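Everything below concerns the one structure shown next.
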Amino acid sequence: MEHPPQRSAETKHECPQFPATGVSLSLTHSKLLRERPPWHLEIQREATESDLEENHQLEAVGDTIWSTVLEVSHCPYCGQGLPLLPGERPADFGRFTHIDTSGWLSRRV
Ligand SMILES: [Zn+2]
């Protein structure tokens, strides 16, 4: 049986091998600000109680301290290929960014 290429209804890869928190792999809401974002791995570090004690710029447990976003074609945890039609792969695929919000939180006040 042949399977035609399809834009999967899947927009999130829920991997059994992800760590308990901090990692997500999805096709939407990229911080790389693409019109049509390809699959991207996002690693987020959320503030814990002890982070709040050490860094007074942080306000609440669960606040994002930093996040890193990287465009990927496969899940780096289980190796599964992520469905993407050829036209959906940007020419400069593979972009990445790192966003540090620990200082920004203090300036928000
Ligand atoms: Zn996976």
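The values are calculated or read from the model by the stated rules, or taken from the named source; none is laboratory data. The structure presented is a predicted model; accordingly, all values stated were derived computationally and were not measured. In this analysis, Cβ positions are derived from the backbone assuming ideal geometry, glycine residues included, and neighbour counts consider all displayed protein chains.
Numbers for the structure displayed
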read-out	value
Unique match (being away from the ligand (no atom under 16 Å from the Cβ), out of contact with any helix residue (DSSP H, G or I) (no Cβ under 6 Å at 6 or more places or on another chain) and either of a type in the set (S, T, N, Q) or at pLDDT below 85 (or both)) among Ala47, Ala9	Ala9
Every pair of residues 6+ apart whose Cβ atoms lie under 6 Å, when the first sits in the range 12-32 and is more than 15 Å from the ligand (Cβ to nearest atom) while the second is hydroxyl-bearing (Ser, Thr, Tyr)	Thr28/Thr11; Leu32/Thr97
Residue tally, condition within 15 Å of the ligand (Cβ to nearest atom) and either without any contact (Cβ under 8 Å) to a residue 60 or more places away in the chain or outside any loop (DSSP other than H, G, I, E, B) (or both), over the range 69-83	7
Lone unmet requirement of (1) without any contact (Cβ under 8 Å) to a residue 12 or more places away in the chain; (2) in a loop (DSSP other than H, G, I, E, B); (3) among the hydrophobic types (A, V, I, L, M, F, W, C) for Leu52	(2)
